[in-house]
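Below is one structure, written out as structure tokens; the observations come after it.
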Amino acid sequence: MAKIGVEQSLSNVSQVLREKGYDVVELKNEQDAKGCDCCVVTGGDENVMGIQNVVIQGSVIDARGMSADEVCKEVESRIQ
């Protein structure tokens with residue numbers, strides 16, 4: 001199953017993804033994202049100070065305004 005990085009504040013998303021069998025990694029810093037097929041973030045710290053670093057080759061999903069189920073569907077569509 002795919003390895004999904006999820007920002008710490010999105011515990012409800014982590015729970016739903018685990019229930020569906022995904023390997024979920026809590027994102028505490030950018031190093032945690034390495035090796036993930038997809039990452040789910042809140043977008044709260046997006047482009048801080050104009051700096052953006054690419055850490056993963058997979059998709060990054062901004063979960064703002066989405067339910068846990070909506071995020072899960074988005075993850076499934078991007079990793080197929």
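Quick note: the coordinates plus some simple rules give every number you see, no bench work behind them. The structure displayed is predicted, hence computed values, not measured ones.
Which far-off residues, 5 or more places away or on another chain, put their amide H under 5 Å from the one on residue 5, with H placed in the peptide plane?
25, 37, 38, 39, 40
Give the aspartates and glutamates reachable from residue 20 as a straight Cα distance under 13 Å; neighbours fewer than 8 places away on the same chain don't count.
69, 76
Using just the helices of the chain, give the 222 nm mean residue ellipticity in deg cm²/dmol: DSSP H runs with n ≥ 4 each add -39,500 (n - 2.57), and the total is spread over all residues, rounded to 500.
-8000 deg cm²/dmol
What are the extents of the Cα atoms of the chain along their three principal axes, in Å, largest first?
36, 26, 20
With axes computed from alpha carbons, what is the tilt in degrees of helix 68-79 against the longest principal axis of the chain, rounded to the nearest 10 within 0 to 90?
80
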